[in-house]
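Enquirer: Please see the structure below; I have some questions.
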Amino acid sequence: MARLALLCSVVVVSISIILFFTPEYTYIIRSTGNRLVSILSSVGNRNTRSPEKPMLRNMAKSTLRQATITPHRSGARGHSDHGWLNSYHSFSFADWFNPGFTHFGSLRVLNEDRVKANSGFPTHRHQDFEIFSYILSGELTHRDSMIVRAEEGAQSDQFYRMHRGDVQFTTGGTGISHSEMNEHKTDTVHFLQIWAMPWKRGLAPRYHTEHFDEKAKKRGFVTILSPLKGGAAASAQQERDAEPTVAGSIPIHADFAMGAAIIAPQSTFEWTVGAAGTEEAKRKVYVHLPMTKGGGARIRLDGRDGAELGEGDGAFVEGVSAGDGLRVESIGEAEAEVIVLDTV
C-alpha cells in the first residue's frame, strides 16, 4: 500500500506541474497577480482606474496588437435620477466617487444626461476646465449670465438654442457663468457633457458653438475638437484667433481631440489616433457608445470579440500612437453613434 500511495503522489505532482505550465493556467495566475497589483496600486493612488480585465480573445483580426482595450460597462457607471435629470457618470462626479474611475489622461468627466422639459441647470460658474456639450436629441439652451432672458437677440456664442448635431464649448479659465436649460415645452433633451483638464490654469474664458453635419458623420469620423494652434505657449494673438489644428473643429486648450461618427450596421470606420493634429505621439483613446437606439446599437473595436460594446458602454484603449488606425465596426441592428476622446 505504501508503494501504491507513493506512486499516486508522483502522478498527482506530475499532473500539477503540467497544468501549471499550460498557457491557460499561466494566464489565470498572471491575471490574478495583475488584479492584486491593480488593487494595491489603487489604494496608494486614487487616480488609478480599475475597470474589468482586458479581453484577449480573437486577436487574429486585430491590427493594434500592441494596444490593450478594456471595456467600461454601462452598469459600472455612476447613476443619479433626480426626476428632472437622469444622469450616468463614466467618471467620478458629484456625490458618486469611485477611486477606480477618476480620469483618463486629461479626460475628467463624461456624463450622459437626460433633462426633462422646462428644467435644467440654472446659472452656475465654471473655472479652469474645458467643458463641452454634445447634443444627441432634443433642445438645450445655453445662455451666458450677462444675457437677459427674452432680450437675447440673434443666436451667438453667448446665447444659443442647441439641437442634434450642435456642440457648445466653454473655456472656464479664470471663471465664467452660464445656464443650460431645456426650455422646450414637452421634449426631453439627451446630451453628453464632457470635461477636460486644460494644459494650464488661468486662461481667458471663452465660448464656441458649432454644428457638425449628420451626413458627414455617416461617411466617417468627424473631428469635433482639436488643440488650439500654438499649444500651451500660444500667444495672445493666437488665443484671440482661436484657430484649431484641425480645420473645421473647435479649439481646445489641451493635447486632446474628439471625434464622432454614425456607423451603419455591418460597416466599419477608422479613427486616426491623434486626428493628425495633436502633439504627443504616445496616446490613449476613450470610446463611448451613447444610449440612443434602445439597445439596438453595438460595436466591436479592433476586430476583437472581447471588445464588443453595447449602448452605454465605453472602453479604455491604451498603448496606441498618433497615426494608428482604431477600427470601429457596427455589429448591432441599428446604426451606432460613436464618440472617441483622444488624450495623453
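The values are calculated or read from the model by the stated rules, or taken from the named source; none is laboratory data. Because the structure is a prediction, the values reported are computed rather than measured. Virtual Cβ from ideal backbone geometry, glycine too; neighbours counted across all protein chains shown. Just so you know, the surface numbers come from the protein's heavy atoms only, side chains and all, with ligands and any DNA or RNA stripped out. Shrake-Rupley method; radii C 1.70, N 1.55, O 1.52, S 1.80 Å.
Enquirer: Evaluate the following for Ala264: is it open to solvent by 30 Å² or more (accessible area, probe 1.4 Å) and either under 18 Å from Ala67 (Cβ atoms) or among the aliphatic types (A, V, I, L, M) (or both)? So that I can check it myself, show each step before the final result.
Expert: Numbers: open to solvent by 30 Å² or more (accessible area, probe 1.4 Å): yes; either under 18 Å from Ala67 (Cβ atoms) or among the aliphatic types (A, V, I, L, M) (or both): yes.
Judged against the criteria, Ala264 is a match.
Enquirer: Take the range 102-120 and flag every residue that is more than 15 Å from Gly314 (Cβ to Cβ) and crowded, with 16+ Cβ neighbours inside 10 Å. Break it down stepwise before answering.
Expert: Step one: list which residues in the range 102-120 are more than 15 Å from Gly314 (Cβ to Cβ), which gives 106, 113-120.
Within the range 102-120, Ser106, Asp113, Arg114, Val115, Lys116, Ala117, Ser119, Gly120 meet the criteria.
Enquirer: Can I ask one more? Name the residue, out of Lys215, Lys229, that is within 25 Å of Val344 (Cα to Cα) and open to solvent by 70 Å² or more (accessible area, probe 1.4 Å).
Expert: Working: Lys215 fails: within 25 Å of Val344 (Cα to Cα).
Of Lys215, Lys229, the one residue that is within 25 Å of Val344 (Cα to Cα) and open to solvent by 70 Å² or more (accessible area, probe 1.4 Å) is Lys229.
Enquirer: If His82 passes every condition in (1) in contact (Cβ under 8 Å) with a residue 24 or more places away in the chain; (2) exposed (fewer than 15 other Cβ atoms within 10 Å of the Cβ); (3) on the phi < 0 side of the Ramachandran plot but one, which one does it miss?
Expert: The number of the failed condition is (1).
Enquirer: Could you tell me which residue of the range 317-340 is nearest to Glu214 (Cα to Cα), considering only residues that are without any contact (Cβ under 8 Å) to a residue 60 or more places away in the chain and surrounded by fewer than 16 Cβ atoms within 10 Å (Cβ to Cβ)?
Expert: Going through the range 317-340, the residues without any contact (Cβ under 8 Å) to a residue 60 or more places away in the chain turn out to be 321-323.
Checking which are surrounded by fewer than 16 Cβ atoms within 10 Å (Cβ to Cβ) leaves us with 321, 323.
Values: Ser321: 28, Gly323: 25 Å.
Only one residue tops the list, namely Gly323.
Enquirer: Every residue in the range 310-330 that is charged (D, E, K, R), more than 16 Å from Gly296 (Cα to Cα) and assigned to a strand (DSSP E or B), please. Full working, then the answer.
Expert: Filtering the range 310-330 for residues charged (D, E, K, R) gives 311, 313, 318, 324, 327, 329.
Now restrict to residues that are more than 16 Å from Gly296 (Cα to Cα): 318, 324, 327.
Passing the criteria: Glu318, Arg327.
Enquirer: Of all residues in the range 96-139, count the ones that are acidic (Asp, Glu) and over 23 Å from Asp342 (Cβ atoms). Can you show your working first?
Expert: Going residue by residue through the range 96-139, those that are acidic (Asp, Glu) are 112-113, 128, 130, 139.
Still in the list and also over 23 Å from Asp342 (Cβ atoms): 139.
Qualifying residue count for the region: 1.
Enquirer: Where residues in the range 140-175 are under 25 Å from Glu337 (Cα atoms), assigned to a loop (DSSP other than H, G, I, E, B) and not basic (Lys, Arg), which of them is most open to solvent (accessible area, probe 1.4 Å)?
Expert: As a first pass, look at the range 140-175 and keep what is under 25 Å from Glu337 (Cα atoms): 140-142, 160-170.
Filter again for assigned to a loop (DSSP other than H, G, I, E, B), leaving 163-165.
Going one step further and asking which of them are not basic (Lys, Arg), we end up with 163, 165.
Details: His163: 81, Gly165: 2 Å².
The selected residue is His163.
A quick yes/no check of all residues on (1) open to solvent by 60 Å² or more (accessible area, probe 1.4 Å); (2) among the polar types (S, T, N, Q); (3) farther than 27 Å from Gly323 by Cα:
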position: Glu183; (1), (2), (3): no, no, yes
position: Thr186; (1), (2), (3): yes, yes, yes
position: Trp199; (1), (2), (3): yes, no, no
position: His211; (1), (2), (3): yes, no, no
position: Thr223; (1), (2), (3): no, yes, no
position: Ser235; (1), (2), (3): no, yes, yes
position: Ala257; (1), (2), (3): no, no, no
position: Ala260; (1), (2), (3): no, no, no
position: Gly274; (1), (2), (3): no, no, no
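Enquirer: Which members of the range 276-303 meet the condition of being acidic (Asp, Glu) and surrounded by 22 or more Cβ atoms within 10 Å (Cβ to Cβ)?
Expert: Matches in the range 276-303: Asp302 only.
Enquirer: Can you tell me which residues in the range 197-220 are acidic (Asp, Glu) and either out of contact with any Ser or Thr (no Cβ under 9 Å at 6 or more places or on another chain) or at pLDDT below 95 (or both)?
Expert: Let us first name the residues in the range 197-220 that are acidic (Asp, Glu), namely 210, 213-214.
Selection gives Asp213, Glu214.
Enquirer: Would you say Ser133 is open to solvent by less than 50 Å² (accessible area, probe 1.4 Å) and not charged (D, E, K, R)?
Expert: Values: open to solvent by less than 50 Å² (accessible area, probe 1.4 Å): yes; not charged (D, E, K, R): yes.
Here the answer is yes, as Ser133 does meet what is asked.
Enquirer: Pull up the range 119-144, narrow it to residues that are charged (D, E, K, R) and at pLDDT 95 or above, then point me to the one that is nearest to Ile194 (Cα to Cα). Spell out the reasoning first.
Expert: From the range 119-144, those charged (D, E, K, R) are 125, 128, 130, 139, 143-144; that's our starting set.
Retained after the next criterion (residues that are at pLDDT 95 or above): 128, 130, 139.
Working: Asp128: 14, Glu130: 8, Glu139: 17 Å.
Result: Glu130.
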